[in-house]
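Worksheet for the structure shown next.
The values are calculated or read from the model by the stated rules, or taken from the named source; none is laboratory data. All figures in this text were calculated on a predicted structure; none of them were measured in a lab. So basically every Cβ, Gly included, is an ideal-geometry build from the backbone, and we count neighbours across all protein chains shown. Areas reflect the complete protein model, heavy atoms only, side chains present, ligands, DNA and RNA absent. Shrake-Rupley method; radii C 1.70, N 1.55, O 1.52, S 1.80 Å.
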Amino acid sequence: MATPLIVLLYASIAALSAIPGGLVRWSAEPSRDRWLGWAYALAAGGMLGAAFVLTGVSDATAAAGAIGAVLGVGFIGATHSVTRLETLDLSRPDREDPTAGPRLVAIHALHACTEGVAIGVAMAVDLSLGVFMALAIAVHNVPEAALLSSATREQGASLPGTVGLVILSNVGQPALAVATWLLATTVPASLPWVLGFAVGALLNLVMTELLPASYREAGSTSIALVASVALGLVVLLGGILP
Amino acid sequence: MRDVLLVFAYGMITALATGLGALPFLLVRTVSGRMIGRLNAVASGLMLGASFGLLAEGTRFGGWQTFSGGLLGVLFILVTNRYLREHHPQAGSPAGSEPGKADGLRRMVLIVTVMTVHSLAEGVAIGASFGGGMALATFITVAIAVHNIPEGVAISAVLRSNGISVPRCAGWSIVSSLPQPVMAVPAFLFVEAFAPALPYGIGFAAGAMVFMVLLEILPEAYGKGSAREIGTITTLSMIAMMLFQKMVAG
C-alpha cells in the first residue's frame, strides 16, 4: 500500500476510535465527577508520553526543535484566544451561552488537528513510529470524545447529534496527518521544525487544557496516579519500537 | 586513592553548582500570590523536563527496568506524602497556625526529599561514567554541574514561594545534591555492581519527580493563576529545560 494511504488509514483509525468514546454515557453528578477527571488525566498522561516519544526521535539541531516547540505553544495559545477558552467550562458549558456549543466543538476540532500533525510527522520519521503514534492517539481519543459527548449532552444535544459532532470534530485529524506527512517528506529540512511544533503543541494542550480540567473533577492523588502511569506505559511501549 | 578523591571533589563541585540556582531569586523582591503560582509553574516545567531527560537515559538501558523503577518512585512519594500528612500535620509551625502553612511545609519537605533521592541516582550515573576513563571526567563534571543549576532553580522556586530566604534556598539546593559526590565514589569503584541497578534508579527518580509535580506542585500552581498562564509557563519551562539538557549533552 502506498505510504500516504497508510498515513490516511491509521490517522482515520485514530479519529474513528473517538466514536465509542462519544457513545459512553457518563454519570452526571452535580458537583464533581471523578470519572471525568480520570478521563482527562488518562488523556493528559498519554499525550505527555506521545510528546516524549517525539522528542526522542529528533536528531536534528536542538535549536530548530525548540523554536518549533515555541511556535507550537504559540499556536495553541492563539486557538485559545480565538475560542475565548477562559470563558468556557470544557466539562459543563453554559446552557445560556449560544456560542458555548460551537466553541466547544471548535476547541476539540483544533485539538484533533494538532494530534493529526503529531501522527503525520511521526509517520514521516518512521512508519512504525507513526503507527504507534496513531494507536496511542486513538486510545487517547476515547476518553476525549467521551468528554465532548458529556459536555454536548449537558448542552441538550441528542445522541445521534453528539456522534455527529464527535465525527465532525475529528475529521481534521486524518487530513492534517496526510498534509503534515507530505510536507515533512517533500521538504525534509522542515522535519525538525515540525517535530518541535508537534511536541510544543501537545505539551501545551496537556498543561493548559487537560490537566487543569482534570484537577477540577477529582483529587490530585488519583489524577497524578492515572496520568503518571499512562505516561509510563506510553514511554515503555514507545521504547519497544524497532 | 587519588582517583577516588578526584571523583569526590568533582561530585562536590556539581553539588555546589546546584546552589547557584538560588541566585535569580535575589532579583525577585516580594513574593505575591500570583508570583507563587508562576514560581511553582517554573519548578514544575523544569522538573518535568528533567524527568524527560532521565526517561530518555533510563530507556536506553532498559524500558522495563525504567518503568518498574518509575512505579516504585510513585509509590515512594505516595507513602512519604501520606506519612508527612499523618505524622507532621503542623510540624515546625506553632499549633493552631493556618493549614496553608502546614501544606507549604509538606511541599517543601517533599521537594527537597525528591530532589535528594534523584541526585542519588545522578551520583551513581556520574560515578559509573567516570569508570569509562578519567579523561572524560572534567567534561562530565562541567556538564552535570551546569545541569544542576536549573534543578536548584526548581527547588528554590518552591522554597522561596514559601518565604524561605535566598541563602537558605541555596543551602537546601546544595544539600539536595550532596548524595552526588557520596554516591559517585562507590559507583566509580564498583561499576560492575552498580551498572545493572542504574535504569531502576533512573526510573525511580523520574517516577518520583513526575508524580510529585502532578500531585503537589502543579495543583498548587493552577490554584493561584489562570490555567492558560500557568500552563503556558509550565510548557515553556519544560521546553527550555529539554533544550538546555540537549545543549549540555552536546
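In the list B:ALA193, B:ALA197, B:ALA208, B:ALA184, which residue meets the criterion of being of a type in the set (Gly, Ala, Ser) and either within 12 Å of chain A (Cβ to nearest Cβ) or within 16 Å of the chain's Cα centre (by Cα) (or both)?
Among B:ALA193, B:ALA197, B:ALA208, B:ALA184, only B:ALA208 is of a type in the set (Gly, Ala, Ser) and either within 12 Å of chain A (Cβ to nearest Cβ) or within 16 Å of the chain's Cα centre (by Cα) (or both).
Inside region B:19-30, can you point out the residues that are part of a helix (DSSP H, G or I) and either surrounded by 21 or more Cβ atoms within 10 Å (Cβ to Cβ) or touching a Lys or Arg at 6+ places or on another chain (Cβ under 8 Å) (or both)?
B:GLY19, B:GLY21, B:ALA22, B:PHE25 - these are the residues of region B:19-30 that are part of a helix (DSSP H, G or I) and either surrounded by 21 or more Cβ atoms within 10 Å (Cβ to Cβ) or touching a Lys or Arg at 6+ places or on another chain (Cβ under 8 Å) (or both).
Just one of the numbered conditions (1) open to solvent by 20 Å² or more (accessible area, probe 1.4 Å); (2) in a helix (DSSP H, G or I); (3) away from every other protein chain (no Cβ under 11 Å) is not true of A:GLU96; which one?
Condition (2) is where A:GLU96 drops out.
Can you say whether B:ALA205 is touching an Asp or Glu at 6+ places or on another chain (Cβ under 8 Å) and modelled with pLDDT under 90, as far as the supplied structure shows?
Against the criterion (touching an Asp or Glu at 6+ places or on another chain (Cβ under 8 Å) and modelled with pLDDT under 90), B:ALA205 qualifies.
Only one of A:LEU90, A:LEU48 is assigned to a loop (DSSP other than H, G, I, E, B), within 18 Å of A:LEU202 (Cβ to Cβ) and open to solvent by less than 60 Å² (accessible area, probe 1.4 Å). Can you tell me which?
Exactly one residue qualifies, and that residue is A:LEU90.
Mind checking whether some residue in region B:56-68 is more than 18 Å from B:VAL124 (Cβ to Cβ), over 18 Å from the mean Cα position of the chain (by Cα) and outside any helix (DSSP H, G or I)?
no
Hey, any hits in region B:179-195 for a residue that's open to solvent by 40 Å² or more (accessible area, probe 1.4 Å), more than 18 Å from B:LEU55 (Cβ to Cβ), part of a helix (DSSP H, G or I) and acidic (Asp, Glu)?
Looking for residues that are open to solvent by 40 Å² or more (accessible area, probe 1.4 Å), more than 18 Å from B:LEU55 (Cβ to Cβ), part of a helix (DSSP H, G or I) and acidic (Asp, Glu), one finds at least one in region B:179-195, hence yes.
Looking only at residues in region A:220-242 that are of a type in the set (Gly, Ala, Ser) and more than 9 Å from chain B (Cβ to nearest Cβ), which one is surrounded by the most Cβ atoms within 10 Å (Cβ to Cβ)?
Across region A:220-242, the extreme among qualifying residues is A:ALA230.
Under the condition of being open to solvent by less than 10 Å² (accessible area, probe 1.4 Å) and not aliphatic (A, V, I, L, M), which residue from region B:217-250 is nearest to A:ALA62 (Cα to Cα)?
Among them, the one singled out is B:THR235.
Of the residues B:GLY49, B:GLY33, which single one is open to solvent by less than 20 Å² (accessible area, probe 1.4 Å) and closer than 30 Å to A:GLY200 by Cβ?
B:GLY49
For region A:196-215, give me each residue that is more than 9 Å from every other protein chain (Cβ to nearest Cβ) and open to solvent by 10 Å² or more (accessible area, probe 1.4 Å).
If the condition is that a residue be more than 9 Å from every other protein chain (Cβ to nearest Cβ) and open to solvent by 10 Å² or more (accessible area, probe 1.4 Å), then A:PHE197 is the only one that fits.
How many of the residues making up region B:208-230 are modelled with pLDDT of 90 or more and more than 18 Å from B:VAL42 (Cβ to Cβ)?
So the count comes out to 1.
Yes or no, residue by residue, for (1) among the aromatic types (Phe, Trp, Tyr); (2) touching a Leu at 6+ places or on another chain (Cβ under 7 Å); (3) buried (at least 24 other Cβ atoms within 10 Å of the Cβ):
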site	(1), (2), (3)
A:ILE107	no, yes, no
A:ALA112	no, no, yes
A:ILE119	no, no, yes
A:ALA122	no, yes, yes
A:ASP126	no, no, no
A:PHE132	yes, yes, no
A:ALA136	no, no, yes
A:GLU144	no, no, yes
A:ARG153	no, no, no
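Quick check on my filter: what residues within region A:183-194 are open to solvent by 10 Å² or more (accessible area, probe 1.4 Å) and either within 21 Å of A:VAL142 (Cβ to Cβ) or aliphatic (A, V, I, L, M) (or both)?
Correct list: A:LEU183, A:VAL187, A:ALA189, A:LEU191, A:VAL194.
Residue by residue through region A:39-85, note down the ones that are at pLDDT 90 or above and among the aromatic types (Phe, Trp, Tyr).
A:PHE52, A:PHE75
For residues that are within 10 Å of chain A (Cβ to nearest Cβ) and of a type in the set (Val, Ile, Thr), scanning just region B:29-78, find the one that is nearest to B:MET242 (Cα to Cα).
The selected residue is B:THR59.
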